[in-house]
Amino acid sequence: MPLRRFITTVIVLGAVANVANATPLNLVPTKPDIFSSAITVTYDAGSDSLSAVGFSEELVDTLLVHYPITGAQGFSITAVVDGSGTGISGSLSITGDIAGLGANSPLLTGSLTNFGFPNSGDEPLEFVFTVTGGSLATPGLYGSPGLPSQVGVILSQTGSNFVNWNTSWDNFDNILGSVADSFAIPEPASIAFLAMGMSLIRRRAR
C-alpha cells in the first residue's frame, strides 16, 4: 500500500468518534493483532441483539513475534444493532494469559464507537471500540484507558447473509465458526507524528 494512502487511511480511522450508520469501514489490520477463532455469531432481530463468542488464540506484535494465549481464552462482542444495520452500543472482551508479555485476564476491553459492513451485505462485520481496560491497554500495545486509544475488529467467515437486519440469523451452518482480528488503531498523536515526518522527508528531497 502506498505510504500516502496508508496515512490517509489511519487518519480517517483515528477520527472515528461515534457509532456510525450501516456503511463499510474499510478497516486495515495493523499490529499488534489478536487472532480469535471458533466464534459463534447470532443476531436476534426482536431484541436487536448481536452476539459473537469464541476463543482468543494468539497475539502478533509489531515485530511479528507470535505469542500464544493460554488460560481462560475468550473472545466476546455484544452489541445492539437496529433494523437499519446501525450499531447503537456494544462492548468487547478478550480474555486469557500471555506469559511472554506478562499479561493476564482480562487482556482487553472496549466500548463500541463504530460499526459497519459492506454495502452488498454478507461479510465482514467491522467494529471500532474505544479501549476501556485490560492488561494489554498499555503504550506500545493497545494504548491506555482514558486516552483516545482504539481497537478495530474484523469479524469474518460468518457464513450468513445479514443484509436484512429485520430478520434473525446466525452462523450455525459454519461448523468451524467465525474468525476475528482485533488490532490496534494508531492514536491521533502517532498519526500526526508520522505525517510530520513525511513532510520533513519531502522537504529534504526537494
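The values are calculated or read from the model by the stated rules, or taken from the named source; none is laboratory data. Just so it is clear, the structure is predicted and the values come from calculations on it, not from any experiment. Backbone-built Cβ (ideal geometry, glycine too); neighbour counts: all protein chains shown.
Does the range 126-134 contain at least one residue that is at pLDDT 95 or above, assigned to a strand (DSSP E or B) and in contact with an Asp or Glu (Cβ under 8 Å, 6 or more places away or on another chain)? Checked the range 126-134: no residue is at pLDDT 95 or above, assigned to a strand (DSSP E or B) and in contact with an Asp or Glu (Cβ under 8 Å, 6 or more places away or on another chain).
Pairs under 7 Å by beta carbon, first residue closer than 23 Å to Ser49 by Cα in the range 61-84, partner of a type in the set (S, T, N, Q) and not in a strand (DSSP E or B), six or more apart or different chains? The qualifying pairs are Gly83/Asn166.
Exactly one residue out of Val19, Val60 is modelled with pLDDT under 95, of a type in the set (A, V, I, L, M) and under 20 Å from Ile185 (Cβ atoms): that is Val19. Candidates in the range 138-149 are the residues that are within 16 Å of Thr30 (Cα to Cα) and surrounded by 14 or more Cβ atoms within 10 Å (Cβ to Cβ); of these, the one that is modelled with the lowest pLDDT is Gly143. Screening the range 26-89 for strands (runs of 3 or more DSSP E) wholly inside it with 2 or more residues that are among the aliphatic types (A, V, I, L, M) returns the ranges 33-44, 49-60, 70-81.
Scanning the range 169-188 for residues that are of a type outside the set (S, T, N, Q) and part of a strand (DSSP E or B) turns up Trp169, Asp170, Val179, Ala180, Asp181, Phe183, Ala184, Ile185. Across the range 82-95, the number of residues qualifying as closer than 14 Å to Ser111 by Cα and over 13 Å from the mean Cα position of the chain (by Cα) comes to 3.
Screening Ala72 against (1) in contact with a strand residue (DSSP E or B) (Cβ under 6 Å, 6 or more places away or on another chain); (2) surrounded by fewer than 16 Cβ atoms within 10 Å (Cβ to Cβ); (3) within 23 Å of Gln157 (Cα to Cα) leaves a single unmet condition, (3). Does Pro106 fit the bill of being assigned to a loop (DSSP other than H, G, I, E, B) and closer than 15 Å to Ser36 by Cα? In short, yes. The set of residues in the range 109-125 that are within 18 Å of Ser178 (Cα to Cα) and either outside any strand (DSSP E or B) or among the charged types (D, E, K, R) (or both) comprises Phe117, Pro118, Gly121, Asp122, Glu123, Pro124.
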